[in-house]
Amino acid sequence: MNATIPIHLAPPDSTPAWGDAPTSRAPGWIYTDAPLYQREMEQLFYQGHWCYVGLECEIPKAGDYKRSQIGERSVVMVRERGRPGQPDQIHVVENRCAHRGVQFVRERTGNARNFVCPYHQWTYKLNGDLAGLTFRNGVERVEGDGSITRQGGMDADFQLCDHGLTKLKVARRGGVVFASFDHSVESFEDYLGPDVLRYFDRVFHKPLKLLGINRQRIPANWKLMQENIKDPYHPGLLHTWFVTFGLWRADQQSQMVMDAKHRHACMISRRNEGGAGAVTQGVTSFKENMQLHDKALLDIVPEAWWKIGDAVPTVVMMTLFPSLIIQQQVNSLSTRHIQPAGVGEFDFVWTHFGFEDDSEEMTQRRLRQANLFGPAGFVSADDGEVIEFVQQAFAANPQARTISEQDGTGVHNTEHNVTETLIRGMYSYWRAQMGV
Ligand code: FES
Ligand SMILES: [Fe+2]
């Protein structure tokens with residue numbers, strides 16, 4: 001007798017209800033619910049939003065390309081020489097062959113005259129147009145009597161122009177490339193809004209120089225990384241490095257700025273001299289006797305461009321929803337790209353950069369300070385680890401909730417950093433978008 005094999009049908013997309021709890025109390029299932037995550041990809045990464053792709057300085061010559069990612073979709077950013085007298089163009093196309101779907105670009109970077117898919121050799125121009133395909137007119141066979149018959153081939157009405165790669169809308173500003181699958185998305189400038197845009201322009205104000213790339217996979221939901229950089233009071237508590245050497249602490253002059261929709265944010269602060277004080281009392285990560293053997297790590301040289309209005313911040317951490325963090329921590333600069341890889345993990349790609357006109361000394365300084373960041377950074381290793389612990393806890397108990405109520409439950413810009421307002425702001429936007 002055959003055993004009965006139970007058939008499990010996939011449950012419908014039944015996102016649990018947030019309930020009456022305020023936005024400051026997020027349920028754990030927002031980090032663990034797989035159907036909800038799929039909706040996030042559609043609604044936050046593939047529609048209505050701009051996502052980071054890379055820096056123009058990563059593809060300096062015509063034909064240079066870089067494989068990148070938007071949500072879980074692989075995309076390719078490529079530079080095409082402009083017509084005579086015209087600037088180069090940068091295209092972003094989906095890395096999915098129009099024929100049967102192969103991710104045709106496998107290298108992280110390269111140079112190409114066109115893209116040829118390895119499977120059946122369909123060939124695309126750099127702008128994504130289909131240039132040609134094999135056996136479009138079939139294959140000729142010479143019969144025994146000398147006549148020719150044609151085998152195979154596409155129908156006569158098959159048009160190359162109807163079957164190119166998916167082309168994304170591209171926005172370039174200050175040497176940074178963003179793209180959207182959604183051609184009706186608002187302008188990039190409107191997307192950021194004026195308050196956040198001025199901090200974006202503060203960093204990306206002259207030609208960039210690529211310094212290096214780190215990659216890591218973090219076993220946590222992508223939103224936890226955004227939260228981490230919208231949480232200005234953890235650095236002075238979690239990170240021994242910051243609290244001891246005074247790069248970021250709760251007693252610093254700080255400002256929190258959001259766009260009108262509260263999805264993007266800037267954490268703006270000015271470092272102090274470190275050492276013991278009221279904010280280090282009882283803080284276990286503060287190590288008064290910890291010394292640097294190589295003081296060059298803290299060889300900080302102020303730069304003229306740090307000034308904005310009347311303020312001279314030494315650190316500005318920006319979160320551009322949904323997938324980008326921009327870091328200026330004294331002389332160290334990077335973009336950090338969130339590339340989701342399932343509901344409970346993401347790849348985190350750090351692109352360290354400086355400016356084309358930096359002296360060699362400044363380049364070395366930026367690289368030295370980059371030791372604080374990246375997968376094994378003196379500071380950032382802590383962040384990857386704690387958000388992994390958050391994920392583990394909520395995976396085991398998705399009905400449990402967070403409490404993000406430092407500085408109240410409202411959403412507002414602040415003149416200090418003892419606050420979770422930016423997290424509440426992001427989730428108020430997220431809830432509106434996701435309908436939960
Ligand atoms: S899948 Fe690309 S040519 Fe067939
Ligand atoms: Fe941190």
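The values are calculated or read from the model by the stated rules, or taken from the named source; none is laboratory data. Keep in mind that this is a model prediction, so the values were computed, not measured. Here the Cβ positions follow ideal geometry from the backbone for every residue, glycine too, while neighbour counts run over all protein chains shown.
Table for the structure above
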quantity	calculated
All positions within region 407-427 that are part of a loop (DSSP other than H, G, I, E, B) and buried (at least 17 other Cβ atoms within 10 Å of the Cβ)	D407, V411, N417, T419, E420
The lone exception for A156 - which of (1) surrounded by 15 or more Cβ atoms within 10 Å (Cβ to Cβ); (2) farther than 22 Å from K61 by Cα it fails	(1)
Residues satisfying the stated conditions in region 310-339, i.e. in contact with a helix residue (DSSP H, G or I) (Cβ under 8 Å, 6 or more places away or on another chain), part of a strand (DSSP E or B) and of a type in the set (A, V, I, L, M, F, W, C)	V316, M318, L320, I325, I326, L333, I338
Selected residue [under 32 Å from the mean Cα position of the chain (by Cα), within 16 Å of ligand 1 (Cβ to nearest atom) and surrounded by 11 or more Cβ atoms within 10 Å (Cβ to Cβ)] from V116, V92	V116
Enumeration of residues in region 327-372 that are under 23 Å from Y46 (Cα atoms) and out of contact with any strand residue (DSSP E or B) (no Cβ under 9 Å at 6 or more places or on another chain)	G342, V343, G344
Within region 53-93, tally of residues that are in contact with a Lys or Arg (Cβ under 6 Å, 6 or more places away or on another chain) and of a type in the set (D, E, K, R)	4
Answer residue from region 351-379, given it is of a type in the set (S, T, Y) and touching a residue at least 24 places away in the same chain (Cβ under 8 Å) and is nearest to T314 (Cα to Cα) among those	T363
Residue match in region 235-252 (condition: over 23 Å from S428 (Cβ atoms), of a type in the set (S, T, N, Q), loosely packed, with under 14 Cβ neighbours inside 10 Å and in the same structural domain as S323 (by TED's automatic domain parsing))	no
Wholly enclosed strands (runs of 3 or more DSSP E) of region 135-203 bearing at least 2 residues among the small types (G, A, S)	176-180
Conditions (1) in a loop (DSSP other than H, G, I, E, B); (2) out of contact with any strand residue (DSSP E or B) (no Cβ under 6 Å at 6 or more places or on another chain); (3) among the hydrophobic types (A, V, I, L, M, F, W, C); number of the one not met by M41	(1)
Residue count, region 377-403 (criterion: over 23 Å from the mean Cα position of the chain (by Cα) and either within 16 Å of ligand 2 (Cβ to nearest atom) or assigned to a loop (DSSP other than H, G, I, E, B) (or both))	6
Qualifying residue in region 102-111 (condition: away from ligand 1 (no atom under 16 Å from the Cβ), modelled with pLDDT under 95 and either in a loop (DSSP other than H, G, I, E, B) or hydrophobic (A, V, I, L, M, F, W, C) (or both))	no
